[in-house]
Structure formats: C-alpha cells, structure tokens
Amino acid sequence: MMTTDRYTSPLSERYASKEMQYIFSQDKKFRTWRRLWIALAETEKELGLPITQEQIDELKAHADDINYDVAREREKVVRHDVMSHVYAYGEQCPKAKGIIHLGATSCYVGDNTDIILMREALALVQKKLVNVIERLARFADTWKGQPTLAFTHFQPAQPTSVGKRAALWLQEFLMDLEDLEYVKGSLKLLGSKGTTGTQASFLELFEGDQEKIDRLDPMIAEKMGFQECYPVSGQTYSRKVDARVLNVLSGIAASAHKMSNDIRLLQHLKEVEEPFEKTQIGSSAMAYKRNPMRSERIASLSRYVMIDALNPAITSAVQWFERTLDDSANKRLSIPEGFLAVDGILDLCMNVTSGLVVYPKVIEKHLMAELPFMATENIMMDAVKAGGDRQELHEKIRKLSMEAGRAVKEEGLENDLLQRIARDESFHLSFEALNNAMDPALYIGRAREQTEAFLQQVVKPVLESHRDMLGMQADINV
C-alpha cells in the first residue's frame, strides 16, 4: 500500500531497481550482521576458544528469521543498534547468547557489512554498465558510416559520423568500467580489529597467542568471500574507501550526463531522438511536443551523484584519530543514495541507447547546408590544379564565403557558395563539378575506420570477457 502521509525517497519510489534497493535494505543489512557473527564465532572456535558446534548450529538456525520487534524495543532502551541486535539474536539463541559478538566492537558488523554491500552494489552497477556499453556498441556499429555535422563550441565544424560520435560516449563508459573493476577488486574487509584497531581484546581472549590472532582476520575474510582484510585500521576502515567508491559512481554519472546532453541537443536538431512511447505525453499544454524526458532525468540524477561524491571525501578528511561518529549519519545517506541514483541512471541509459531513433534525411539536410563552407579547402586545391594561384584563390574563397554566410544569416537564404564560386572564372570549375564534390562521405575523414577499429580492438574483447553479464532489460517506472 502506498504511503502518502510521510516523505518517501524518489530514489526508491521512482528510479532505483528492486535489486539495488534490496542490497541497501534493512533486511539485507541485518542478515549480513548475523552472517558476520557466525563467521566470527566459527573462526574463534577453530582457533581454540571454548565455543561449541551446538552454539554455532543454533546461530545458523536463526540467521535469517530476524526478530525485528525485539530489536526495535531494545534499541529504545539502550540507544544502540548493534547491541539491540546482539540482544535480539541472543533471545533466539539462548545457548549461544554468551558468545555472540565475542571480542568485537560495533564496527565489526557495521563496517564489514558496508564493504560487503558496496561490493555487491558495485557488481550490479558493473553488470548494468556492461549492458549500456553493449547497446552503444551496436548503435555505433550501425551508424559508423552515416555522415553528420560535427560541432566544436556547438558551431559547425568538420563532419564526423553518427557512429563515431557514439564511440566517444562509449569510450568514457569504458573508462568508468576500468575504474569500477579496479576499485571493486581492491575492496577488503575491515576484519575484527577491536576498539582502536589494535586487537587488544583478542590478545586477551587468546592469551597473547600472536599466531592465532594473525590468522583471525584472514579466516573471517575467507568465510565472507574476501581475499584479505585491510592490514591496519583504527576502529573503522579508512573512510577514503567510501570516497574511492563514490568517485567511481561520480565518473559514471559524468559520462551519462555528457551523453544525455548530446542526445538532448540532437533531439532539438531533430537528428536523433530518444525512445518515445505511443501513449507518452510530452507536455501538458503542447500536445505536439516530444520532450527528451529520459535524457533530462539522466542529467538530473547525474548531477545529484556528482555532488553526492563530495560527502565521503569530506567525511574522510575530518575523521579524528582512530574514530569519530560524525561519519555515521552521513554514510547512511550518501552511500546508498549514490548507488540508488546510479542504478536509476544506468537503467535509463540502457533504455535510451536501446531505442535511439536516427533521422538521416534531417542529418543530411543540416550537413549539406554547411558542407560548401567545409569543402572550400578541397575546392581551392582543385582550382590550383587547374592553374590557379593558391594565395589569390584563398582570398577569393574567404570573401565569397563571408558573402554567402551573410546572405544565409541576414536574409534567410540558402547557402549559395557553390554558385558564387562557379561564377568566378578564376576557379575554372563548373557548378556541376563543384556539386559532384559535395558527397558528405568524402569529408568524414577516418570516422568509419576509427569506429570499426575501436569496436573490434577495444570494445569487443571487453564484451566477450563480460558475456555472462549481457542480456539485461531495463525496467523504467515513469
């Protein structure tokens, strides 16, 4: 039933997938806490502490049936979420009650869970990013030879191809994938370091046995699916880890924002459009409008993520000594919301890149209106071959181009530069010869070849190495 009498996050109500929402759900969090408590107890038993298999089995039997009502009532009394859940777990596991959380501090479950959830969330982001890359690769390949007007400063420049432009978007997403995979692969657990990171409590528990304490963290890490723990820490893992993760999300957001802005501009030009459903309404007042609402939403959410990345960076900078608690409330917001927003962004990117509509006739019309200006260097070379003086011809073309441009801008006329050049006998070129040289494909340089090589040599190996991630479908709520 929809909640209408209190604030609900648009990230969960409108934008993020159920999969990403579950990763940062309370249920996922507290189930992970219990998995960590089981891993700690098993490891301590294996290292010789007086913990029985019966106690371990009891903990495992109640790993998932969390008694939330007991935990909530207890937290009202003790004002401590970890100890409330230790108490609730102990209520269900009376035989194991005394060994739950043995030797650990709150960050054992809190921080290790944060790392586990971020790694799972990065895996989902990775999968969606790969699918965006695959869709863009198909689009770039389809349109690699379609000449289009290129822009610098949003002013007409030398032509490129529609596919080559998509390859520029694609390359940035590939950079993001590299960054993501590096950071995801570098994540380590905090392990069980104690109150200030010195493992003093475990020194007491294991009666000074350094060898057993050295084995503690690696054994916990292995049980939780990690290769290792951070070798040193205060009470928490370094908050720079959070900053690195959010920087990856920020990079994805920046790439998505750039692509969505280009699409919005192209839709204004009527050259390329994002998908538009038959029953979709573009404007409440103007029924004819086809607003690029999905690309606009990508840009909007992307700006949020880029700003959100400042939170963990500042939090990392202001942590005092071995720990302070001014990170906690901020982390509860900035980390999940960054992931939820990027999740929504990538779903939108998958949707948009799956259904981009290209209008070659409009593209050709815009290109042909500017191509005579861009062809002037080739025209000048042909005229020189016909016996003309390069410097004189350069000056004449400059003047004729200015005149033609003025007629277009001031009088709204068609570009008649070719006719003007044909009328000047010093060029020795007929209008027919000039017009025959106006094949747009002659002016896109190596756009097709560059795109083909990029797709074959760079993109294809990436997609082949991630083939098990392909085939996702984006579910857009609104």
Practice problem: With the checklist (1) farther than 30 Å from Ala200 by Cα; (2) within 34 Å of the chain's Cα centre (by Cα) in hand, flag the one item Leu36 doesn't pass. | Solution: (1)
Quiz prompt | Close pairs (8 angstrom Cβ cut-off, 6 or more residues apart or separate chains): modelled with pLDDT of 95 or more in segment 23-34, among the charged types (D, E, K, R) anywhere | solution = Ile23/Glu120; Arg31/Asp64; Arg34/Asp64
Quiz item: Quick one: which of Glu370, Glu337 is at pLDDT 95 or above and either surrounded by fewer than 22 Cβ atoms within 10 Å (Cβ to Cβ) or hydroxyl-bearing (Ser, Thr, Tyr) (or both)?
Solution: Glu337
Practice problem: Out of Glu432, Glu452, report the one residue that is closer than 30 Å to Glu178 by Cβ and assigned to a helix (DSSP H, G or I). | Solution: Glu452
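Listed here are the residues, each with its yes/no results for (1) at positive phi; (2) among the aromatic types (Phe, Trp, Tyr); (3) free of Cβ contacts under 8 Å to residues at least 12 places away in the same chain; (4) touching a Pro at 6+ places or on another chain (Cβ under 7 Å).
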site	(1), (2), (3), (4)
Glu425	no, no, yes, no
His428	yes, no, no, no
Phe431	no, yes, no, no
Tyr443	no, yes, no, yes
Val458	no, no, no, no
Leu463	no, no, no, no
Practice problem: State all residues of segment 225-247 that are farther than 11 Å from Pro312 by Cβ and touching a Lys or Arg at 6+ places or on another chain (Cβ under 7 Å); if no residue qualifies, say none. | Solution: Phe226, Glu228, Cys229, Tyr230, Ser233, Gly234, Gln235, Thr236
Quiz prompt | Filter pass, Ile252 being touching a residue at least 40 places away in the same chain (Cβ under 8 Å) and over 26 Å from Gly110 (Cα atoms) | solution = yes
Quiz prompt | segment 408-423 residues that are within 15 Å of Glu370 (Cβ to Cβ), paired with ones that are aromatic (Phe, Trp, Tyr) (beta carbon under 9 Å, 6 or more apart) | solution = Asn415/Phe373; Leu417/Phe373; Leu418/Phe431
Practice problem: Could you list all residues from segment 455-478 that are in a helix (DSSP H, G or I) and charged (D, E, K, R)? | Solution: Lys460, Glu464, Arg467, Asp468
Quiz item: Can you find even one residue in segment 203-211 that is on the phi > 0 side of the Ramachandran plot, out of contact with any Phe, Trp or Tyr (no Cβ under 6 Å at 6 or more places or on another chain) and acidic (Asp, Glu)?
Solution: yes
Quiz item: Is it the case that Arg6 is basic (Lys, Arg), out of contact with any Gly (no Cβ under 9 Å at 6 or more places or on another chain) and at pLDDT below 95?
Solution: yes
Quiz item: Which members of segment 1-30 meet the condition of being charged (D, E, K, R) and under 24 Å from Gln126 (Cα atoms)?
Solution: Glu13, Arg14, Lys18, Glu19, Asp27, Lys28, Lys29
Quiz item: Checking Gln171 against (1) in contact with a Leu (Cβ under 8 Å, 6 or more places away or on another chain); (2) of a type outside the set (Lys, Arg); (3) under 27 Å from Leu124 (Cα atoms), which test does it fail?
Solution: (1)
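Just for segment 305-327: of the residues that are in contact (Cβ under 8 Å) with a residue 12 or more places away in the chain and farther than 17 Å from Arg244 by Cα, which one is surrounded by the most Cβ atoms within 10 Å (Cβ to Cβ)?
Arg323
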Self-check item: Of all residues making up segment 74-109, the number that are free of Cβ contacts under 8 Å to residues at least 40 places away in the same chain and not β-branched (Val, Ile, Thr)
Solution: 18
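The values are calculated or read from the model by the stated rules, or taken from the named source; none is laboratory data. Keep in mind it's a predicted model, so treat the numbers as computed, not measured. FYI the Cβ positions are ideal-geometry reconstructions off the backbone, even for glycines, and counts take in every protein chain you see.
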